[in-house]
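Structure first, then comments.
The values are calculated or read from the model by the stated rules, or taken from the named source; none is laboratory data. Because the structure is a prediction, the values reported are computed rather than measured. Ideal geometry is used to build each Cβ from the backbone, glycine not excepted, and the neighbour counts take in all protein chains shown.
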Amino acid sequence: MTIGTGAVLMAIGAGIAVGGAAIGSGIGVGIVGSAASGVISERSEKFGMALVFTAIPQTQAIYGLLIAILILQAGGFLGGTAGDIPTPVGIVAIGAGLAVGLAGFSAIGQGIAAASGVANTAEKPEMFGKGVVFSAVCETQAIYGLLIAVLMLALTGILSSDFSVEMPVAIGLVGAGLAVGLAGFSAIGQGITCSSGIAATARNPGAIGRSLVFAAMSETFAIFGLLVAILILFGLGLFSG
Amino acid sequence: MFYPARMSNVFIGIHQRWLGELTTALHQHGELEVMDLRTVSRKEISFPPPGVAREKIDSIINLQFKIDRVLEILQIYKPDEPGLLSSIIKPEEREYIPAYRGSHDDLLSEAEKKIQESEIILDTYEELKMVRDLSRTCEGHILDLERLKEIKIDLAFLNPAPFTFCIAGYVPVKFAKLLEEWSVDNQNDEILIFSENRNDEILVFCISTIEYAAILTELSHITWFTRIVFPDTFFGTAEEILEKQQGYFKEFLAKEDELTKKLQEFSLSYCTTLQALREELSFRRERFDISRKFGSSRNAVYMRGYVRQKDEKTLKALLRSITQDECFIQTEPADPQDNVPVRYDNPSWLKPFELLTTTFSRPRYNEIDPTPFFAPAYLLFFGLMLGDAGYGIIIALAGWLLYRGPGKNDPSFRDMSYILLCSGIADIILGTLQGGWFGDMLPRFFNIQPPFVLIEPLNSPILLFQVALIIGTVHINLGIILGLIENIRARMFKMAFQEQGIWFILQPAAAVLLVQFFGWMALPSHVTTMATAGAIIGVAVLFISKGPMGFFSLTGFLGDWLSYVRILALALATGGIAMTINILSEMIASVHPFMIIPAIIFCIAGQLFNLAIQTLGSVIHALRLHYIEFFGRFYSGGGREFVPFRENRVYTHANWEEML
């Protein structure tokens, strides 16, 4: 069996997807985990609550793993039948990997917000719901990344093992992946705002609405990335067919 | 149902002779939230609170303090409460003590009697503490005597003598050098030091003439030296005394056990009774304390508060029957401009979901209660996001077990388990429509095609993407409509147009322009022209009303709409990870027939992990879609909870209607 360049590039795409997202999730979980350790050293009964917050930034790694699995399955890696896949298919996989892998760095922002959630909920248990919501705000960027990755794989037909995508389209899709993936870093700023939003809401419960508005402002830049990615997909003719 | 319960402002006046009985009746029925009359100016008349005999409150506080002292001890020896698992497996209804029916004075003498009875608990505890002290001291002596048992000297030599001074002690081996240095510095003709190595410590005897006692005393204060001290009553060799002390130690331990068991028995027989008495006393105290919020004139007592309009009749009837018509009661609908308390007004099947609304914020009195919209949409989003009927069965089962187990005795647990049960049922239905049964377990392992499948997220992501965006459009527009209704009700027509109405121009215009831009459909030119004009007007209105922030309104709306794509993302994640676990299990099982069992274990553990992590994600994101995208369009919350003057019984149970 000959392994073509396309199959190798697909493997690299899967690696970028899961690796990038795992770095983001790892750092995010690390940030909230250290805050959680501090909380339970003083109040061990808060372990369950701290565990929920620690689990929140893990989702990005799951999205990365999901795209990696979809790529590997489409390429026949899971059945041991990866063979002579055309190069453009591999490049599309790299684009999808970049979209979800880079957007996975949003977990860092989520970790910053969740750390504030742990600390404030330890003091005020009624802050649990609000802390979780503020932490969930920063996941939107990862969802945009996952969306573009899925759209790339589905609209090019790769998910249904149709490998007829052309080289210019494939290279263009790397641009779409970079647009939404790099814009995902805006979640770090959003996480910082959300962290302060949690503290503000703990101090004054009426501040939740306006704090969410401040938090949503960082998301605008992620929407720019998403829009550009969708326009690239449109420009490459993927929505027309 | 769509608004909090309507409230009435109540002003009551009674003859003061009925104050005690009326306060008790109001406390038992719990319909009135009492406001502090001192904070209310009523036609510039001020009402001083009625006088309360301070000694009555003091006697209650005194009894509560005594009960607390006993309960503090009994709590230590109380048998452990059944854990979560045992309360699920073997659900038990908590037994409540009937509410006390006697008079106030009878209650006080009953409490006094019980406290006197429970004096034995305090005595037993004191005795136990004493026995423990003796046992610890004895244990210490035994350890020291063990050190000295091979040395055949009379321990009486260690006692003070008229001409000599003798001390014994031990030093850890690691400080041997320090001991040696001290010996070199201090040993002389009148100070003798004997030392002997024993395992990891050095046993030291020092003897001197009485003139040098200070030097030896100084040694006993050095941190690396531990002095062995025995009571003056120890005579004979260490071995002889050791035997006696070991005998005493056994006796002390037996006594300690006996007293502990006694306290455990006391805990069983007294704890619940004392807790119930304490609860009754705290109600009596609350009844005295509440009168500080009342006002009084010569022979009358006045009170003000809020009551649900539904309960007005009952309150009036209660008042008249208690005071034999020596009263007046004025009610008027509460003014929304005041800080009116909020009580939800939902049917019982919707009540548990109020918890989710309150987690964000309780509605203000005159604001729409979003719970009736929240509950069905939450279940829809949860079911779509988790999208696995197999997981749904497990969640529904867990919810049902928690509902009939710990939920029986704990209202907040009951609400959460009810929500869990409903979420599980929603997931069974929507998971079936998505064909998820522990991922692709049915077709992969059992070659069964799941029935009733409408959309498979992994096979038709674009279809689910479109469904998610349609759901988002409906949900956001529902929020906009609710906001519009609220603004029209408040007669804020301009705001209704600028905040909500504008989106009904902008959305169709944007939709037409998008269809035109992407070339999905050929539209007549006049439709495009109208859409362009609508978009220009809409954007202009936004920028005029909000200034530069109008730009963020546009991006915010787009972001809110696209945010519903998370329904697809989470559905894909659940199905994709479950499928991966199944593929990996299949690969493990294919290595060797013996690997089937590890493969099954891996599959179960993996599916449980996926269930836990995806359930958490689905709950969080279903809530987020409501709190941010939906509530952002019409809801701010910030209402004050209605806190009626009511007996909050934990250990006792009362049915006053039955008793009357």
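A few notes on this one:
- Residue A:52 being under 17 Å from the mean Cα position of the chain (by Cα) and either within 27 Å of residue B:457 (Cα to Cα) or within 13 Å of chain B (Cβ to nearest Cβ) (or both): no
- Against the conditions (1) within 18 Å of residue A:147 (Cα to Cα); (2) part of a helix (DSSP H, G or I); (3) in contact (Cβ under 8 Å) with a residue 24 or more places away in the chain; (4) within 11 Å of chain B (Cβ to nearest Cβ), residue A:237 satisfies every one except (2).
- All of A:145, A:111 fail the test of being part of a helix (DSSP H, G or I), facing another protein chain (nearest Cβ under 10 Å) and buried (at least 24 other Cβ atoms within 10 Å of the Cβ), apart from A:145.
- Residue B:299 being surrounded by fewer than 17 Cβ atoms within 10 Å (Cβ to Cβ) and under 22 Å from residue A:208 (Cα atoms): no
- Condition broken by residue B:354, with the remaining ones in (1) crowded, with 23+ Cβ neighbours inside 10 Å; (2) in contact with a helix residue (DSSP H, G or I) (Cβ under 8 Å, 6 or more places away or on another chain) satisfied: (1)
- Residues within the stretch A:183-214 that are of a type in the set (A, V, I, L, M) and facing another protein chain (nearest Cβ under 9 Å), tallied: 3
- Selection over the stretch A:197-223 of residues that are out of contact with any helix residue (DSSP H, G or I) (no Cβ under 6 Å at 6 or more places or on another chain) and over 27 Å from residue A:122 (Cβ atoms) gives a count of 1.
- Test: residue B:583 is at the interface with chain A (Cβ under 9 Å from one of its Cβ atoms) and either at pLDDT below 85 or not in a helix (DSSP H, G or I) (or both): no
- Subset tally (residues that are in contact (Cβ under 8 Å) with a residue 12 or more places away in the chain, among the basic types (Lys, Arg) and farther than 17 Å from residue B:230 by Cβ) for the stretch B:133-190: 0
- Residue count for the stretch B:620-646, restricted to those that are more than 9 Å from chain A (Cβ to nearest Cβ) and among the aliphatic types (A, V, I, L, M): 3
- Matching residues in the stretch A:59-82 - criterion: being facing another protein chain (nearest Cβ under 10 Å), polar (S, T, N, Q) and surrounded by fewer than 20 Cβ atoms within 10 Å (Cβ to Cβ): A:73
- The residues of the stretch A:215-224 include none that are touching a Leu at 6+ places or on another chain (Cβ under 9 Å) and either among the aromatic types (Phe, Trp, Tyr) or more than 8 Å from chain B (Cβ to nearest Cβ) (or both).
- Applying the condition of being among the aromatic types (Phe, Trp, Tyr) and under 22 Å from residue B:332 (Cα atoms) to the stretch B:3-26 and asking which residue is surrounded by the fewest Cβ atoms within 10 Å (Cβ to Cβ) yields B:3.
- Residues of the stretch B:601-660 satisfying the condition of being in a helix (DSSP H, G or I) and under 30 Å from residue B:280 (Cβ atoms): B:656, B:657, B:658, B:659
- Among residues of the stretch A:222-241, those that are surrounded by fewer than 20 Cβ atoms within 10 Å (Cβ to Cβ) and either out of contact with any Phe, Trp or Tyr (no Cβ under 9 Å at 6 or more places or on another chain) or of a type in the set (Ser, Thr, Tyr) (or both), counted: 8
- Candidates A:89, A:29, A:8, A:39 - the one that is within 14 Å of another protein chain (Cβ to nearest Cβ) and in a helix (DSSP H, G or I): A:29
- Residues that are over 12 Å from the mean Cα position of the chain (by Cα) and among the small types (Gly, Ala, Ser) within the stretch A:70-112 comprise A:74, A:75, A:76, A:79, A:80, A:82, A:83, A:90, A:93, A:95, A:111, listed in sequence order.
- Residues in the stretch B:242-261 that are buried (at least 17 other Cβ atoms within 10 Å of the Cβ) and aromatic (Phe, Trp, Tyr) were compared, and the one that is nearest to residue B:144 (Cα to Cα) is B:249.
- Among the candidates B:119, B:81, residue that is touching a Ser or Thr at 6+ places or on another chain (Cβ under 9 Å) and without any contact (Cβ under 8 Å) to a residue 60 or more places away in the chain: B:81
To keep it simple, each residue is scored yes or no on (1) under 23 Å from residue A:72 (Cα atoms); (2) surrounded by 15 or more Cβ atoms within 10 Å (Cβ to Cβ); (3) touching a residue at least 60 places away in the same chain (Cβ under 8 Å); (4) aromatic (Phe, Trp, Tyr).
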position: B:521; (1), (2), (3), (4): no, no, no, no
position: B:537; (1), (2), (3), (4): no, no, no, no
position: B:545; (1), (2), (3), (4): no, yes, no, no
position: B:554; (1), (2), (3), (4): no, yes, no, no
position: B:557; (1), (2), (3), (4): no, yes, yes, yes
position: B:564; (1), (2), (3), (4): no, yes, yes, yes
position: B:571; (1), (2), (3), (4): yes, yes, yes, no
position: B:582; (1), (2), (3), (4): yes, yes, yes, no
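- Going through (1) more than 22 Å from the chain's Cα centre (by Cα); (2) within 11 Å of another protein chain (Cβ to nearest Cβ); (3) surrounded by 15 or more Cβ atoms within 10 Å (Cβ to Cβ) one by one, residue B:609 falls short only on (3).
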